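> Next up is a structure, given as structure tokens.
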There are 2 protein chains.
Amino acid sequence: MTEVSVLDGRAVLAAVSPRAAIDHTRHAFERHAAGEWQMPPKVYLEAPPSGDFRAMPARGDGLATLKWVTSFPQNPERGLPVVAGALLVSSAETGALLALLDCAAVTSLRTGAAAAVSAQALARDGASSVGLIGCGVNGGWAARCLAAAGFGAGVCADARSEAAEGLAAELGWEVGERERAAAQDVVVTVTPAWRPVITTADLRPGQHLAVLGADAAGKAEVELEAFERCSLFCDEWEQASKGGELAGAVSSGVVTRDRVTEIGEVLLGRAAGRTSADEITLFDSTGLATQDLGIAAAVMAALDRGEVEAPRVRL
Amino acid sequence: MTEVSVLDGRAVLAAVSPRAAIDHTRHAFERHAAGEWQMPPKVYLEAPPSGDFRAMPARGDGLATLKWVTSFPQNPERGLPVVAGALLVSSAETGALLALLDCAAVTSLRTGAAAAVSAQALARDGASSVGLIGCGVNGGWAARCLAAAGFGAGVCADARSEAAEGLAAELGWEVGERERAAAQDVVVTVTPAWRPVITTADLRPGQHLAVLGADAAGKAEVELEAFERCSLFCDEWEQASKGGELAGAVSSGVVTRDRVTEIGEVLLGRAAGRTSADEITLFDSTGLATQDLGIAAAVMAALDRGEVEAPRVRL
């Protein structure tokens, strides 16, 4: 018999500030690149006609986590979330199950934090203004993490004007058109990615782009031709080249492995990041199980310090 | 925000009787063989030096399940269980997470029920007496499921005499030596499987053997030579030939694919089971994620009928 802490979305967000999410996400990228954290390939379980489930295990720093998460793209039409599920947290030393976390909150924090970590590592010195294209849940957390990292003010662009207005009001940023958002120092895209929202004409010397929306082959937020103008980075080549923003560019031969650097290599100082002020850097974020583990470690640390309360259930 | 039912081991066992476990396990074997239930290969996450975690997804009959379970073989030395974890149950139609189940109880029920289903399908007409070699937790549930299926009385053999005595007292069976247990009509082995507990000399014409203990390559409960005397069955060739009782016999060339029949094929009437009263049948049970799904479906049905109470947590 064991006691398991249960943290809903509100509790997860109360446990992990944007600043903590950034620190833990950077640590996750570094340990992943160092080979100290393990992440077997995620497993897909098809659930036609609605979508699929994904099982994403990871291990590091004494914890083992398993994210069980859906992608049910048509769910919003029936008032249900695209993403649902949970993150299980176990001790990698004893095997004991420790906690059950809301998975959408973990995903938002690790997605938003990845954008901020990429901007800290790759944006040019003095980069400040942010353009956010796509102001949904994960876009909102990208903006909050960038603000926590000292970026902003920003321009919030979204076809749903109330989403852009709400976020802009919260952060003291502005609402603007896509074109204006795309002209800022740091540009973050978090759209459904069914069609490109960044064209070659949008690119400005010295920009940093964090491209977060493409989560399946066939989806892309950046026009294919634009890749040739950018220095390319990703969280993990394996995932990014198959199911991320880079997938289309790789399959069409525009981008090859040697042109893309994993961000963990840059953070560890093993590979070059930006090499000039005029360079345009593009970071493709696909979302790693090790990032989920990083956020889970932050939650467990907050629980240990008594900074957040969570019901415990017997299992 | 969603509400998730949480069932500890006691609640799972209260929700699913041995008889229900048998019915749902047979259904799982049949739907698996029919290709209606899906089960991607399990994923292993190594956790050296202690053991490993396994993520086992499955889908069928409107549910999607994920078992997250440890094998930490040295854990008993520090007073901790070898197997720990949980089974997540989601709706395959909406993606919503529905329940969190204790994983050891699910594993015991599906393991014990598999032995009973194999005996119902493969034991000779009139087979009655049971020999149980290994009277631990899963052995106990094998005995209870066989009793629920009308088999017995039985002989309980275990080097730990109190384990054999407790189970024999519960079921009105006897305690006996390994040799006596191995001479019964239906023989079930559920040992750590570090060395064979069934030799060629033990075999009796017309016996049915259900071999449940080997859960990794290199482990075996039956002497290699004995395989040549038996008609061979398993839950799934892929798992059984790599990590089950059959693994050693397959890698040494004693057993080939064409000699082994999956039990679902027998249950569906697509393949022959036992063909004579003198034949010795051997069923290698490795444990399928679809069996876990079958038990989860039984739990959810009991919850729906209000037959079991479970706390609900917000996630």
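The values are calculated or read from the model by the stated rules, or taken from the named source; none is laboratory data. Keep in mind that what you see is a predicted model, and the values were worked out from it rather than measured. Here the Cβ positions follow ideal geometry from the backbone for every residue, glycine too, while neighbour counts run over all protein chains shown. Just so you know, the surface numbers come from the protein's heavy atoms only, side chains and all, with ligands and any DNA or RNA stripped out. Shrake-Rupley method; radii C 1.70, N 1.55, O 1.52, S 1.80 Å.
> Report every pair of residues separated by at least 6 positions or lying on different chains whose Cβ atoms are under 7 Å apart, first residue within the range B:293-315 and away from chain A (no Cβ under 14 Å), second polar (S, T, N, Q).
B:294/B:25; B:303/B:5
> With B:109, B:87, B:100 as the choices, which residue is open to solvent by less than 10 Å² (accessible area, probe 1.4 Å), farther than 23 Å from residue A:65 by Cα and either in a helix (DSSP H, G or I) or touching a residue at least 60 places away in the same chain (Cβ under 8 Å) (or both)? Talk me through it step by step, then tell me what you get.
Working: B:87 fails: farther than 23 Å from residue A:65 by Cα; B:100 fails: farther than 23 Å from residue A:65 by Cα.
So the residue among B:109, B:87, B:100 that is open to solvent by less than 10 Å² (accessible area, probe 1.4 Å), farther than 23 Å from residue A:65 by Cα and either in a helix (DSSP H, G or I) or touching a residue at least 60 places away in the same chain (Cβ under 8 Å) (or both) is B:109.
> Checking the conditions here, which among A:93, A:77 is more than 19 Å from the chain's Cα centre (by Cα), part of a helix (DSSP H, G or I) and surrounded by fewer than 19 Cβ atoms within 10 Å (Cβ to Cβ)?
Only one candidate passes the filter, namely A:77.
Matching residues to (1) touching a strand residue (DSSP E or B) at 6+ places or on another chain (Cβ under 9 Å); (2) closer than 23 Å to residue B:109 by Cα; (3) open to solvent by 10 Å² or more (accessible area, probe 1.4 Å):
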| position | (1), (2), (3) |
| --- | --- |
| B:173 | yes, yes, yes |
| B:183 | yes, no, yes |
| B:195 | no, no, yes |
| B:210 | yes, yes, no |
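The rows are residues; the columns are (1) open to solvent by less than 40 Å² (accessible area, probe 1.4 Å); (2) polar (S, T, N, Q); (3) under 23 Å from residue A:27 (Cβ atoms).
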{"residue": "A:176", "(1), (2), (3)": "yes, no, no"}
{"residue": "A:191", "(1), (2), (3)": "yes, yes, no"}
{"residue": "A:199", "(1), (2), (3)": "no, yes, no"}
{"residue": "A:222", "(1), (2), (3)": "yes, no, no"}
{"residue": "A:231", "(1), (2), (3)": "yes, yes, no"}
{"residue": "A:247", "(1), (2), (3)": "yes, no, no"}
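> Which count do you get for residues in the range B:60-70 that are open to solvent by less than 20 Å² (accessible area, probe 1.4 Å) and over 21 Å from residue B:6 (Cβ atoms)?
Looking only at that region, the number is 1.
> Taking the condition of being part of a helix (DSSP H, G or I) and either without any contact (Cβ under 8 Å) to a residue 40 or more places away in the chain or within 20 Å of the chain's Cα centre (by Cα) (or both), how many residues in the range B:150-194 meet it? Spell out how you get there, then give the answer.
Keep residues of the range B:150-194 that are part of a helix (DSSP H, G or I), which gives B:161-171, B:178-181.
When the remaining residues are screened for being either without any contact (Cβ under 8 Å) to a residue 40 or more places away in the chain or within 20 Å of the chain's Cα centre (by Cα) (or both), the result is B:161-171, B:179, B:181.
So the count comes out to 13.
> Just checking, does the range B:221-238 include any residue being under 14 Å from residue B:118 (Cβ atoms) and modelled with pLDDT under 95?
no
> Of all residues in the range B:1-35, how many are within 14 Å of chain A (Cβ to nearest Cβ) and within 14 Å of the chain's Cα centre (by Cα)?
Looking only at that region, the number is 0.
> Check the range A:94-112 and report whether any residue there is small (Gly, Ala, Ser), within 14 Å of chain B (Cβ to nearest Cβ) and out of contact with any helix residue (DSSP H, G or I) (no Cβ under 9 Å at 6 or more places or on another chain).
Restricting attention to the range A:94-112, the residues satisfying the condition of being small (Gly, Ala, Ser) are A:95-96, A:99, A:104-105, A:108, A:112.
Then drop every residue that is not within 14 Å of chain B (Cβ to nearest Cβ), which leaves A:95-96, A:99, A:104-105.
From the residues that got through so far, the ones that are out of contact with any helix residue (DSSP H, G or I) (no Cβ under 9 Å at 6 or more places or on another chain) too are A:96.
Yes.
> Here's something else I'd like to know. For residues that are open to solvent by 40 Å² or more (accessible area, probe 1.4 Å) and either more than 8 Å from every other protein chain (Cβ to nearest Cβ) or modelled with pLDDT under 95 (or both), tally how many sit in the range B:42-59.
4
> Based on this model, can you work out whether residue A:84 counts as facing chain B (nearest Cβ under 8 Å), small (Gly, Ala, Ser) and under 19 Å from residue B:38 (Cα atoms)?
Judged against the criteria, residue A:84 is not a match.
> Which members of the range A:251-272 meet the condition of being in a helix (DSSP H, G or I) and touching a helix residue (DSSP H, G or I) at 6+ places or on another chain (Cβ under 6 Å)? Give the derivation first.
Step one: list which residues in the range A:251-272 are in a helix (DSSP H, G or I), which gives A:251, A:257-259, A:263-267.
If the condition is that a residue be in a helix (DSSP H, G or I) and touching a helix residue (DSSP H, G or I) at 6+ places or on another chain (Cβ under 6 Å), then A:263, A:264, A:265, A:266, A:267 are the ones that fit.
> Now for a separate question. Only residues that are in a loop (DSSP other than H, G, I, E, B) and facing chain A (nearest Cβ under 7 Å): list them for the range B:60-74, please. Steps first, answer last, please.
Kept after step one, since they are in a loop (DSSP other than H, G, I, E, B), are these residues of the range B:60-74: B:61-62, B:72-74.
Within the range B:60-74, just B:72 meets the criteria.
> Whether any residue in the range A:262-280 is open to solvent by less than 10 Å² (accessible area, probe 1.4 Å), of a type in the set (A, V, I, L, M), within 16 Å of residue A:23 (Cα to Cα) and touching a Cys at 6+ places or on another chain (Cβ under 9 Å) is what I want to check.
yes
> Also, quick follow-up: Considering only residues that are in a loop (DSSP other than H, G, I, E, B) and either free of Cβ contacts under 8 Å to residues at least 60 places away in the same chain or of a type in the set (Asp, Glu) (or both), which ones fall in the range A:1-32?
Hit for the range A:1-32 is A:8, nothing else.
> What are the residues in the range B:195-213 that are assigned to a loop (DSSP other than H, G, I, E, B) and either under 18 Å from the mean Cα position of the chain (by Cα) or among the β-branched types (Val, Ile, Thr) (or both), if any?
B:197, B:199, B:212, B:213
> Could you check the range B:1-41 and list, in sequence order, the residues that are open to solvent by 50 Å² or more (accessible area, probe 1.4 Å) and of a type in the set (Lys, Arg)?
Across the range B:1-41, the qualifying residues are B:10, B:19, B:26.
> Please enumerate the residues belonging to the range B:253-281 that are among the hydroxyl-bearing types (Ser, Thr, Tyr) and in contact (Cβ under 8 Å) with a residue 24 or more places away in the chain.
Passing the criteria: B:261, B:275, B:281.
> Every residue in the range A:114-134 that is open to solvent by 10 Å² or more (accessible area, probe 1.4 Å) and in a helix (DSSP H, G or I), please.
Scanning the range A:114-134 gives A:120, A:121.
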